[in-house]
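Engineer: A single structure is presented below for examination.
Where a number appears in this text, it was derived from the coordinates with a stated rule and is not lab data. Because the structure is predicted, anything quoted here is derived from the model rather than measured. Using ideal geometry, Cβ is built from the backbone for each residue, glycine included, and neighbour counts are taken over all protein chains shown.
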Amino acid sequence: MKKSTFISSIAFVCLLLLSANVNAQKFAKLDKSPLDIAAYPSSYKEPNKTVKIIYSRPQLKGRELSKLAPNGKVWRTGANEASTITFYKDIKVGGKSVKAGEYSLFTIPGEDTWTIILSTDVNVWGAYAYNEDNDVLRVQGKVSTSKESIEAFSMAFDKDGTLFLAWDKTRVSVPFTE
């Protein structure tokens with residue numbers, strides 16, 4: 001009888017040690033700039049996507065857009081890692097041809113146009129190591145202003161394939177065509 005009590009006690013102590021180890025695991029808090037995806041076609045009913053963008057959505061939080069994405073400076077087009085754009089087939093962006101593949105999406109904000117940049121530098125943090133020599137494409141996106149302010153940076157495609165970038169009252173559009 002003593003032997004089975006002793007074995008039960010050892011098993012209980014081992015179980016406690018294992019559960020203490022599991023409870024000690026640290027998990028990250030929610031990201032302040034959550035990930036999002038913009039895809040074309042944007043309908044979930046359309047399984048064959050032409051393009052997909054994975055990006056993080058920074059928030060204004062009372063700050064000025066001009067401080068977060070300054071005019072004339074290369075920006076990662078979101079937060080955290082540089083946004084990633086994947087083309088599943090050859091496509092035209094702003095009228096220029098791009099081969100199917102994965103690229104980083106950078107922008108250079110401006111007053112009337114934003115320069116949209118696709119780069120072969122993928123899996124990079126921010127735009128700190130941005131290298132113009134690795135650009136595959138540069139096109140101009142048209143800037144417009146809206147009365148509505150958008151708190152979180154956003155990207156979306158319309159039904160015709162135009163990509164829209166929106167933050168605060170700024171809207172940028174660039175056509176994507178097959």
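Engineer: Could you work out the relative contact order of the chain? I mean the mean sequence separation of Cα pairs under 8 Å and 6+ apart, divided by the number of residues, in percent.
Structural biologist: Normalised by residue count, the contact order of the chain is 18 percent.
Engineer: Sticking with this one: Mind listing the phi-derived Karplus ³J(HN,Hα) values for region 64-77, rounded to whole Hz, using 6.51, -1.76 and 1.60 with θ = phi - 60°, and x for any glycine or proline?
Structural biologist: Here the 3J(HN,Hα) series is 8, 4, 4, 8, 7, 9, x, 4, x, 10, 5, 10, 6, 6 Hz.
Engineer: Taking the alpha-carbon distance from Lys52 and a cut-off under 17 Å, which lysines remain once sequence neighbours fewer than 8 residues away in the same chain are dropped?
Structural biologist: Lys89, Lys92, Lys99, Lys159
Engineer: Moving on. How would you rank 79-88, 139-148, 32-41, highest first, on the average number of other Cβ atoms within 10 Å across their residues?
Structural biologist: On the way: 79-88: 20.1, 139-148: 13.0, 32-41: 15.9.
Listed from highest to lowest mean packing, they are 79-88, 32-41, 139-148.
Engineer: Percent of Cα-Cα pairs per 5 Å bin, from 0 to the last occupied bin, for region 109-174, please list those.
Structural biologist: With a bin width of 5 Å, the distribution comes to 4, 15, 20, 22, 21, 12, 4, 0.
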